[in-house]
Every structure is written in C-alpha cells, then in structure tokens.
Amino acid sequence: MVDVSIILPVYNAEEWLEECLQSVYQQDFDGSVELSVFNDGSTDGSARILDEWKAKLEGRRVQVVLNGHTGTEPLGVGCAKNQAIKQSCGRYLCFLDADDVMHKDRIQCQFAVAIHQPNSVIGCQFHREPPESTVRFTNWANALTPEQLYTQAYTSHGPTVIMPTWFCSREVFDKVGGFDETGKGTPEDLIFFLKHIELGGELFRVDKCVLMYRYHAGATTFSVTEETIWRIRMEAIQKQILSKWSNFTIWNAGKQGRHFYRSLSSENQKKVSMFCDVDDKKIAKGVYVYEESNMQPKPRIPIVYFSKAEPPLVICVKQVCTTVNRSMGWGLLCCITNLWPPF
C-alpha cells in the first residue's frame with residue numbers, strides 16, 4: 001500500500017494531458033505516490049500520451065496503474081473515478097482532472113492535513129485558467145470560512161469543497177460507497193458530497209492555492225442541467241436539514257424565495273412561518289398567497305421586515321450570500337443561491 005493514490009479519469013484529454021502529467025511528475029512529496037488512471041474510451045491521442053509518460057513517472061518512483069476500455073461510448077466520470085479507485089492501493093486519494101494542473105506542493109500540503117482529518121473531504125484554494133473566467137465563483141469558493149463550508153453546502157454553486165481539489169482517506173470514500181455511475185448529465189461529485197455530509201462526514205479546506213482549475217467549453221459540468229441540480233439540492237436540504245426543524249423563515253419574499261417555497265414538500269411548506277425581506281415594496285404586500293396550491297383556503301405566508309424574522313432561516317439570494325450577524329443567536333443557516341451556471 002502506498003501513501004497517496006492520484007485518481008485520474010481520462011476522456012479525450014490530449015490537449016491538456018501532458019501539462020497535467022507534468023504536474024504529477026513535479027510533485028514535491030516525501031511519501032510514496034501512485035497514479036491510477038482509467039481511460040474512459042478516449043478516441044484521441046490520450047492513450048498514447050499515457051503510455052509515453054508511464055516510464056517517465058516510474059523513473060520518479062511514481063507507481064503507475066493504467067486501465068480503461070475501448071468501447072464506443074464513455075462510461076462517464078463517476079464510473080471512471082470508481083474504476084481508478086478500485087484498482088488503486090493508496091491510503092489516501094488525491095483527485096485530479098486531466099485538464100487541471102497541480103502545484104508542486106499540492107500533495108504535501110493536503111496529506112499533512114489529511115492525517116489529522118480522517119473523516120474529512122479536504123480541498124484547497126485554486127485559480128482558474130483563463131484567469132478571467134468565473135471570477136465570482138472562484139472568489140466565493142476560495143473565501144468561504146470553515147463554518148460556511150457547511151452552511152452554504154446547498155447553494156447552486158455546488159459543493160463548497162470544489163471537486164478538482166478533493167483529497168481524502170480511502171475510508172471516507174468507502175463509507176459513502178463510491179460515485180454515482182448514471183453517466184453524462186449527472187453531478188456525481190455533488191451527490192457524493194451531500195451523502196458524505198449526511199453520513200456525518202466533515203469538510204476542510206487548505207487555505208493555499210495549490211491547483212489550477214481549467215475552464216473550457218468541453219468540461220463535463222456543462223452537461224448537467226439547472227433542473228437536475230435544483231432537484232438534488234432540494235432533496236438534500238429537506239432530508240438533511242428541514243426534517244429536523246419544526247418551523248423556519250425564508251429570507252427573500254421575491255422570485256428566489258417563492259421558488260424555494262413552491263419546491264418544498266407539502267409537509268415542509270407547512271413549516272414556513274414567514275418570509276422576510278428588506279424591500280419595502282415586498283414587505284408592504286404583507287402576505288404571500290400560494291395560488292397554485294390545491295389546499296382550501298390557499299396558504300398565506302406573512303412577509304415581515306428582516307429584523308422581525310424568527311430563526312432558523314433559509315437564505316435565498318442571488319450571487320454571494322449576504323453576511324448575517326451570527327451574534328443574533330440564529331441557529332443553523334442554510335444559504336440557497338440561484339445563479340446558473342455557477343462555473
């Protein structure tokens with residue numbers, strides 16, 4: 001068994017694969033490393049590049065395990081990751097996408113934390129290439145506090161610990177049970193992340209930029225629809241958070257807040273005690289009537305000024321979440337945003 005297995009799924013990545021593998025080669029890590037690759041039916045030059053780099057990496061004492069298939073259709077990122085992990089033997093797993101680049105101290109930095117955080121998915125700060133892409137998303141992800149890694153876990157931005165930066169023990173992966181293998185259009189990282197939280201898993205981020213996270217039109221992110229993300233988020237927050245609350249307030253009496261309310265189960269809609277807002281026009285309405293409801297009389301939810309809101313709250317806002325004064329004694333804060341696409 002080696003200390004760290006780098007998990008690298010590959011599909012038609014020849015444009016970036018050399019740079020990615022070069023970053024593996026340049027890792028400055030004191031422990032033992034394995035690169036576990038699953039080639040998901042690439043039809044470009046990816047297989048050739050992998051073969052060429054195998055001997056070079058092994059010359060740097062990086063064990064290399066290459067596998068894959070030659071079928072006509074890719075099995076999907078979730079399956080490729082699962083296969084790469086299955087064939088690996090590292091005590092810790094370092095996830096890497098074929099279009100991304102690690103800084104030379106990435107493994108060393110995250111491994112040093114992981115040995116003290118055995119139940120955590122550990123991320124890091126990152127920068128984008130091109131540099132001007134997804135500036136707001138990058139700033140949001142890199143600036144989250146340790147508490148916000150949890151309280152903002154249900155936003156449309158996706159996992160608060162960004163997938164290309166993940167590093168965890170093999171036990172964390174085994175506890176969740178692997179990635180969803182439905183394939184294209186399925187956010188396997190988000191599903192894994194939310195289940196990890198549900199099972200009591202912890203989150204941590206190394207506050208150092210040790211990864212270049214590439215932005216390009218061919219990224220698998222763009223195959224996932226807004227509706228899919230919304231459904232998964234709503235299922236998770238209702239099961240993991242709202243099921244434990246007897247009532248709550250929705251912050252935002254506008255479009256985002258009403259959409260959140262309408263997406264709730266009838267049981268959780270009954271728990272909404274009020275909407276709160278800072279917009280005088282919305283507050284002046286006094287009440288939100290859920291006209292689409294089959295109930296008689298129609299549900300009528302009061303709209304109040306934010307200072308009169310009763311905790312706990314679900315905050316539904318566009319863009320980065322509004323800062324809330326925790327000294328007010330409010331309970332668990334779940335921030336729901338509605339930007340799409342987030343990255």
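The values are calculated or read from the model by the stated rules, or taken from the named source; none is laboratory data. Since the model is a prediction, treat every value here as computed from it, not as a measurement. Every residue, glycine among them, receives a Cβ derived from its backbone with ideal geometry; neighbour counts consider all protein chains shown. These accessible areas exclude ligands, DNA and RNA; they are computed on the full protein's heavy atoms, side chains included. Shrake-Rupley method; radii C 1.70, N 1.55, O 1.52, S 1.80 Å.
Computed 3J(HN,Hα) for region 171-188, one whole-Hz value per residue from the Karplus formula 6.51 cos²θ - 1.76 cosθ + 1.60 where θ = phi - 60°, is 5, 4, 4, 5, 5, 6, x, x, 8, 4, 10, 4, x, 3, x, 10, x, 4, glycine and proline marked x. Each Lys or Arg adds one and each Asp or Glu subtracts one; over the other residues with Cβ under 14 Å from the Cβ of Asp30, this totals +1. Excluding Gly200 itself, calculate the net charge of residues whose Cβ lies under 13 Å from the Cβ of Gly200, where each Lys or Arg counts +1 and each Asp or Glu counts -1. With Lys, Arg at +1 and Asp, Glu at -1, the neighbours total -1.
Return the single residue from Tyr11, Tyr290, Tyr92 with maximal mean-square fluctuation; model: Gaussian network over the chain, springs between Cα atoms under 10 Å. For the chain, modelled as a Gaussian network with Cα springs under 10 Å, the answer is Tyr290. Over the C-alpha atoms of the chain, the Rg to Rh ratio, Rh being the Kirkwood estimate, stands at 1.03. Helical content of the chain, expressed as a calculated mean residue ellipticity at 222 nm, amounts to -9000 deg cm²/dmol (DSSP H runs of 4 or more residues, -39,500 (n - 2.57) each, divided by residue number, nearest 500). With both residues required to sit in the chain, DSSP beta bridges show an antiparallel share near 15%. Counting only Cα atoms, the size of region 140-298 along its three principal axes is 52, 31, 31 Å, in decreasing order. Relative contact order of region 144-263, taken over Cα pairs closer than 8 Å and 6 or more residues apart, is 28 percent. Of Asn294, Asn252, Ser263, which is farthest towards the positive pole of region 229-295's charge dipole, taken about the Cα centre with +1 and -1 on the beta-carbons of Lys, Arg and Asp, Glu respectively? Toward the positive end, the furthest listed residue is Ser263. Region 131-153 and region 220-253 have Cα centres spaced 18 Å apart. For region 40-45, the Karplus equation 6.51 cos²θ - 1.76 cosθ + 1.60, evaluated at θ = phi - 60°, returns couplings of 8, x, 4, 10, 9, x Hz by residue, with Gly and Pro reported as x. Each 10 Å bin, from zero up to the one with the longest distance, holds this percent of the alpha carbon pairs of region 126-217: 14, 47, 34, 5. For the chain, carbon and sulfur atoms together expose 51% of the accessible surface, with a 1.4 angstrom probe and every protein chain in place.
Coordinate range of the alpha-carbon atoms in region 170-251 per principal axis, descending: 43, 30, 28 Å. Among the lysines, select those whose C-alpha is under 19 Å from the C-alpha of Lys195, and discard any that sit fewer than 8 residues away in the same chain. Of all the lysines, those that pass the test against Lys195 - Cα under 19 Å, at least 8 places apart if same chain - are Lys81, Lys175, Lys239, Lys244. Judged by the gyration tensor of its Cα atoms, with axes a ≥ b ≥ c, region 90-151 is oblate; a/c meets the 1.5 cut and b/c is at least as large as a/b. Extension gain for Glu147 to Gln87 (0.36 nm times residue separation, less C-alpha to C-alpha distance): 18.1 nm. For the chain, the longest principal axis of the Cα atoms and the long axis of helix 14-25 meet at an angle of about 80 degrees. Distances between placed amide hydrogens fall under 5 Å for Gly90 paired with Val2, Ser5, all partners being 5 or more residues away or on another chain.
Taking the alpha carbon gyration tensor of region 39-179, multiplying each eigenvalue by 5 and rooting it gives semi-axes of 27, 19, 17 Å, largest first. Heavy atoms of the protein chains alone define the surface here; on that basis the chain has 46 Å² accessible area per residue at 1.4 Å probe size.
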